[in-house]
Amino acid sequence: MLKKIALAVIAVLVVGIGGILALAATKPDSFRVQRTATINAPAEKIFPLITDLSGWGAWSPYEKRDPTMKRTFGQITKGKGAVYAWDGNSNVGKGRMEVTEVTPSSKVLIKLDFIEPFEAHNTAEFTLVPKGQSTDVTWAMSGPAPFISKIMQVIFNFDTMLGKDFEDGLASLKSIAEK
C-alpha cells in the first residue's frame, strides 16, 4: 500500500515537472516589459533625472529596498558612459549598469548586468515623448530568455512583477519632475 502511494506521488511529480518543462519550451526566446506614465513636465526637465545615475536614489524603487546597499559610481555619472554598480541584500542583489546611448530629451539606453542572485544581461530603455505641456515617459527592459528564465516565467509573471516596479518608479519620477 505504501509503495503504491509512493509511486503515485512520484508519477504526479514527474507529470508536473514535465508539464512545467513543456510550458517553458513554448515561451519566447526574449522578453520585454514596459510601462508608460504621463508626467506634467517638459522632457527637458525629466531627462536629467534619468541620465544622472547618481540621482536615481530619489526615484528608483530598487534603491529603497536596501538602505545599506553599497553603491559605486564611475568617473562619469551623467549621460553616455555613466556607470553605476550596486551590491545589496537579496532584495536587490548585485549588478552594474552603464548608459550606452543618449538622445537628448528623448531616449536613454542602459546596459544592465545582473550578477547576483542570478546572472542576466538586459537592456533598459527610457523614451520621452512630448505631448503638449506633458511628456509620456516609457520605462522598458528587454533581454534574452534562457531556458531557466522560461521555467521561471511559467511560475512567476515577470510582466506583473517588473511592471509594478516600473509603475512605482515612474510615479516617483512624476512626483519629483512635477514639483
Requested in this report: Starting from region 43-59, keep only residues that are closer than 18 Å to residue 178 by Cβ, then list their pairs with residues that are of a type in the set (Gly, Ala, Ser) and in a helix (DSSP H, G or I) whose Cβ atoms are within a distance under 7 Å, requiring at least 6 positions of separation or different chains.
Outcome: 45/177; 46/177; 49/55; 49/177; 59/169; 59/172
Query raised in the report: Can you tell me which of 98, 125 is at pLDDT 95 or above, in a strand (DSSP E or B), of a type in the set (Asp, Glu) and over 19 Å from residue 34 (Cβ atoms)?
Result: 98
Query raised in the report: Would it be correct to say that residue 72 is among the hydroxyl-bearing types (Ser, Thr, Tyr), surrounded by fewer than 12 Cβ atoms within 10 Å (Cβ to Cβ) and assigned to a loop (DSSP other than H, G, I, E, B)?
Result: no
Query raised in the report: Where residues in region 121-130 are of a type outside the set (Ser, Thr, Tyr) and crowded, with 16+ Cβ neighbours inside 10 Å, which of them is farthest from residue 102 (Cα to Cα)?
Result: 122
Requested in this report: Determine which single condition residue 159 fails, assuming it passes every other condition in (1) in contact with a strand residue (DSSP E or B) (Cβ under 7 Å, 6 or more places away or on another chain); (2) at pLDDT 90 or above.
Outcome: (2)
Query raised in the report: So which residues in region 37-69 are polar (S, T, N, Q), surrounded by 15 or more Cβ atoms within 10 Å (Cβ to Cβ) and in contact with a Phe, Trp or Tyr (Cβ under 8 Å, 6 or more places away or on another chain), if there are any at all?
Result: none
Report summary line: When region 131-151 is checked residue by residue, the ones that are exposed (fewer than 15 other Cβ atoms within 10 Å of the Cβ) and under 17 Å from residue 30 (Cα atoms) are 144, 146, 147, 148
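Residue-wise test of (1) under 26 Å from residue 20 (Cα atoms); (2) in contact (Cβ under 8 Å) with a residue 40 or more places away in the chain.
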{"residue": "88", "(1), (2)": "no, no"}
{"residue": "102", "(1), (2)": "no, yes"}
{"residue": "112", "(1), (2)": "no, no"}
{"residue": "143", "(1), (2)": "yes, yes"}
Query raised in the report: For the subset of region 13-66 comprising residues that are in a strand (DSSP E or B) and either among the aromatic types (Phe, Trp, Tyr) or more than 15 Å from the chain's Cα centre (by Cα) (or both), which member is modelled with the lowest pLDDT?
Result: 31
Report summary line: By residue number, the members of region 101-122 that are under 25 Å from residue 40 (Cβ atoms), assigned to a strand (DSSP E or B) and of a type in the set (S, T, N, Q) are 103
Report task. Sort out which residues of region 95-104 are crowded, with 16+ Cβ neighbours inside 10 Å and out of contact with any Ser or Thr (no Cβ under 9 Å at 6 or more places or on another chain), and write them in order of number. Result -> 95, 97, 98
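The values are calculated or read from the model by the stated rules, or taken from the named source; none is laboratory data. All of these numbers come straight from a predicted model, not from anything done at the bench. No Cβ is skipped: glycine too gets one built from the backbone with ideal geometry, and neighbour counts run over all protein chains shown.
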